[in-house]
Amino acid sequence: MIIKRREFLKISSLATASLLVPNFLQSMTLDNALNPSQKILIILQFTGGNDGLNTIIPTKNDIYFKERNTISVKDSLALNDETGINPALSYFKELFDSGELSLMNNVGYPNPDKSHFRSMDIWHSASKSDEFLETGWLGRFLDEECYKCEHPTQALEVDDMLSLALKGENNKAFAFKDPKKLYQTSQEKYFKSLYNNDHHHDDETVSYLYKTLGSTINNADYIFEKSKAKKSTQEYPNSKLGKDFKTVASLIKSDINTQVYYLSIGSFDTHVNQNERQQKLFGEINDAVKSFVSDMKSNGLFNDILLMTFSEFGRRVAQNASKGTDHGTANQMFFISGGLKKKGILNALPDLQNLNEGDLIYTEDFRKVYATILKNWLNADSSKVLGWKNGIYDFI
């Protein structure tokens, strides 16, 4: 049988959008409930390079206000005598006050790259700036867990395409936007008829697409059923991120044994009129996280949940002529959980007197953060996954 171009495109639109790996999905069909003591990691990616200095504000630093005479945040919510948080993140302030939020300043890596694509690849792969890897840090975590476990550890990304962070050598996570839409698509007569026919193709790519199509049809209903297994009474905002967090919450409360969830929001590439754009995005994040945390708390799950945020880089210290900021270097990361060992501000604010050609100089390597999460939260061997041997933090 010769596959037609139109047929190929229709099959690939379902298979590649989901980026399914048969071995991974087969494990999802097992009635293997999530261990009640198993920790869950949710990663929220701030795509586009969030401006950290207008997120966590050095309220007593004259350099900050001088270099940002029109875009500096003057109404921040106080975290301590010299630090404030953007008022659009008011719920983060509440979490900070209740000991359920930690933040780390000045996170980055040596020889930073200011390209969105390259820097994001570095963060996703946990590579050096002059090293190019085709696997992600969480993908390698899946590879490691599959190697030593009877069934592979599972990860899900709420998006159309799978990020590099979740691609391993032998195992990959599963990406989808909406469990119901995935299920409905998989049940279309066209795809069903293709799957029910016996297809043999010499072309490796076509053969792979048919194989993954079959896995989609077999498992889409499973994911959909799990997503609606325990309906929540918690109200979520109608934003994209609100819906994504609601999907994640529904899956966490079911018996699907997924340990890693990956979300993203953007774009934070605020070269022009930064404050308006950042405030809008922060508002969406604030409301979605508030609903999600409330949902987890009401179900007794918050102590085993860790929400981590990151962005591929920060922005330059000085504002530009368009009331925005240009690509920079180091940035902060947030950690939200009921199980934090260290709360609040974990290290010093950025040193605005010691810059590298107008950019912040990182003091904390993001790979040490990853190593900490792998070892202390996911109970994995961080040296095998990352090759990291320079210690870990103790905030979790």
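Quick grid of which residues meet (1) among the acidic types (Asp, Glu); (2) under 21 Å from Gly314 (Cβ atoms):
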position	(1), (2)
Glu235	yes, no
Thr247	no, no
Ile252	no, no
Asp255	yes, no
Val260	no, no
Ile265	no, yes
Glu284	yes, yes
Met296	no, no
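The set of residues in the range 62-92 being open to solvent by 40 Å² or more (accessible area, probe 1.4 Å), within 18 Å of Phe282 (Cα to Cα) and of a type outside the set (Lys, Arg) consists of Asp75, Leu77, Ala78, Pro87, Ser90.
Determine if the range 75-92 includes at least one residue that is closer than 18 Å to Thr47 by Cβ, free of Cβ contacts under 8 Å to residues at least 40 places away in the same chain and either of a type outside the set (S, T, N, Q) or in a helix (DSSP H, G or I) (or both). Within the range 75-92, none of the residues are closer than 18 Å to Thr47 by Cβ, free of Cβ contacts under 8 Å to residues at least 40 places away in the same chain and either of a type outside the set (S, T, N, Q) or in a helix (DSSP H, G or I) (or both).
All of (1) aromatic (Phe, Trp, Tyr); (2) more than 19 Å from the chain's Cα centre (by Cα); (3) over 24 Å from Thr363 (Cα atoms); (4) open to solvent by less than 10 Å² (accessible area, probe 1.4 Å) hold for Phe141 with one exception: (2). In the range 93-122, the residue that is most open to solvent (accessible area, probe 1.4 Å) out of those that are assigned to a loop (DSSP other than H, G, I, E, B) and not small (Gly, Ala, Ser) is Asn111.
Only one entry in Asn69, Asn32, Asn50 is in a loop (DSSP other than H, G, I, E, B) and either of a type in the set (Lys, Arg) or at pLDDT below 95 (or both), namely Asn32. If you filter the range 336-359 down to residues that are in contact with a helix residue (DSSP H, G or I) (Cβ under 8 Å, 6 or more places away or on another chain) and within 18 Å of Phe313 (Cβ to Cβ), you find that the one that is most open to solvent (accessible area, probe 1.4 Å) is Pro350. Condition (residue is of a type in the set (S, T, N, Q), in contact with a Pro (Cβ under 9 Å, 6 or more places away or on another chain), touching a residue at least 60 places away in the same chain (Cβ under 8 Å) and part of a strand (DSSP E or B)) applied to the range 332-339: is it met by at least one residue? Checked the range 332-339: at least one residue is of a type in the set (S, T, N, Q), in contact with a Pro (Cβ under 9 Å, 6 or more places away or on another chain), touching a residue at least 60 places away in the same chain (Cβ under 8 Å) and part of a strand (DSSP E or B).
Annotation note: Cβ proximity below 8 Å between a residue of the range 358-384 that is in contact (Cβ under 8 Å) with a residue 60 or more places away in the chain and within 30 Å of Lys66 (Cβ to Cβ) and a residue that is part of a strand (DSSP E or B) and aromatic (Phe, Trp, Tyr) (sequence gap 6+ or interchain) occurs for Phe366/Phe310.
The values are calculated or read from the model by the stated rules, or taken from the named source; none is laboratory data. All values reported here derive from a predicted model rather than from experimental measurement. All Cβ positions, glycine included, derive from the backbone under ideal geometry; neighbour counts span all protein chains shown. Surface areas here come from the heavy atoms of the whole protein model, side chains and all, with no ligands, DNA or RNA. Shrake-Rupley method; radii C 1.70, N 1.55, O 1.52, S 1.80 Å.
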